[in-house]
1. Rank-order 154-167, 354-367, 196-209 by packing density, defined as the average count of other C-beta atoms within 10 Å over each peptide's residues, highest first.
2. List every residue whose amide H lies under 5 Å from the amide H of TRP315, counting only residues 5 or more places away in sequence or on a different chain, with H placed 1.01 Å from N in the peptide plane.
3. With each run of n ≥ 4 DSSP H residues scored as -39500 (n - 2.57), what mean residue ellipticity at 222 nm is computed for the chain after dividing by its residue count and rounding to the nearest 500 deg cm²/dmol?
4. Pop out the carbon and sulfur fraction of the accessible area of the chain as a percent, whole number, probe 1.4 Å.
5. Of all DSSP beta bridges located in the chain, what percent are antiparallel, nearest 5?
6. Can you tell me the equivalent ellipsoid semi-axes for region 15-61? Use √(5λ) from the Cα gyration tensor, largest first, whole Å.
7. How large are Rg and Dmax for region 33-90 when only the alpha carbon atoms are used, in Å?
8. List the GluC sites (Glu not before Pro) within region 214-299 that DSSP assigns to loop and that have no more than 12 neighbouring Cβ atoms inside 10 Å.
Amino acid sequence: MRMLKSYDVVVLGGGTAGVVAAIQAARAGATTLLVEKSGVLGGTMTNGGISHPGIFHAWGKQIIAGIGWELVLRTLETSGQSLPDTFSDITLPHWRHQVRLDTFVLTMLCDEMVVESGANVLLHTMVAALKPLAGNSGWEVSLCTKGGLTTIEGRVVIDATGDANGTALAGFALDVPQETQPATLSFRLTGYDHAAIDYEAVNRAYAEWVASGKGKFTDVSWDSQNPRSERLLKTYGNNANHIIAGNSRDSVGKTMLELEGRNSLLRVYRFLRTQPGFEKLRIEHLSPECGVRESVTIKGKKRITETDYISGRSWEDGVCYAYYPIDVHMATGAGLQKRSLEKGVVPSIPRGALLPAESHNFIVAGRAISSDRNANSALRVQATSMATGQAAGGVAALAVGMKCDPAEVPISMLHELLRKHKAIVPVVA
């Protein structure tokens, strides 16, 4: 790989949205650089251990496809799996419509698809500074690499960091919530048979463990008031706890979160080792990062409200669909406030929600798009992040080719490009 001094498109963050954004931009002919802070692409799906992306279907019909769906299908084919047959059954709970993938195959295929697209990749690298070029013609991007600081130029920057780190460095405004949803640390326990466990006895013992100050109820469940270990033990540790450690938008907050996440698992491990049936307990896998649900959103040219979302508002600049219940995880009580969409409602996302207010040649993809807290609790999920990533990569490539700002690209041209790459685009208002 030969690094360039200047790129058409620079994508910051190689997670769920960033991988798809980079692939789309490169496939559309733009010279593209994908920058990722860790050693692994895929974000929450890989580093966060939540390798069951969704939701691609609504009310028995596919509403998100394109490059993200291609990644799903390629992962299933490579690992010898088949698509589930649940998509047409609208009576099932929403999580049954997620596609469970082999995490390690998915990880390798993220690499493969990005490299195949022609995009360059720079791992173990973070953005250090962003400075607009003369005449708003692009961005000077300072990167912190293992060898020190280096500077490149990008005609269009896509911030797919999830925490809007690039947006903040570029000087654009953010909405920072006073409180954030708890995160989750996923892991894999082995060495016991969940069917043979006396859960009533385990829960009684765990209540005593918490009363003694050795643990928290949220170490084993989303419920902050009761000992409910069943989900964690029956799933062997997948997406079953709440890690509460403030806002993870910067390195201090993210460090606190990761330390608390692993400390939470250590408390659980020490407890279970005292219980019958767990004599051979082992931690087989520990995700490198906590899965973050919420940190910040951008102040965009347009803002998606809860009313917009639950009404299925049609936008004149709609770029993709979305589908998920309002899904706010709480640090108190039972731990979750969920509100399902009315039958037949399929929300959509406008381009303006991907563009910071007053920005030029700058796009945001993934969970930091402009939206209020309740709408964002639904928009943050993986399939939607993939869809916004593809839209961002597409509009960035078109803006470069047309020598205009992403806000000036005709929506009809963006839709034509996205359809060419198998995406599903909304019927605009």
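The values are calculated or read from the model by the stated rules, or taken from the named source; none is laboratory data. For clarity, every value in this text was computed on a predicted model and none was experimentally measured. A quick note on method: Cβ atoms are made from the backbone with ideal geometry, for glycine too, and the neighbour counts reach across all protein chains shown. Accessible surface is based on the protein model in full, side chains and every heavy atom, while ligands, DNA and RNA are left aside. Shrake-Rupley method; radii C 1.70, N 1.55, O 1.52, S 1.80 Å.
1. 154-167, 354-367, 196-209
2. Those qualifying (amide H under 5 Å, at least 5 residues apart or on another chain) are ALA429.
3. It lands at -9500 deg cm²/dmol.
4. Roughly 52 percent of what the probe reaches on the chain is carbon or sulfur.
5. Roughly 65 percent of the DSSP beta bridges within the chain come out antiparallel.
6. 23, 18, 5
7. 13.5, 40
8. Passing sites in region 214-299 are GLU279.
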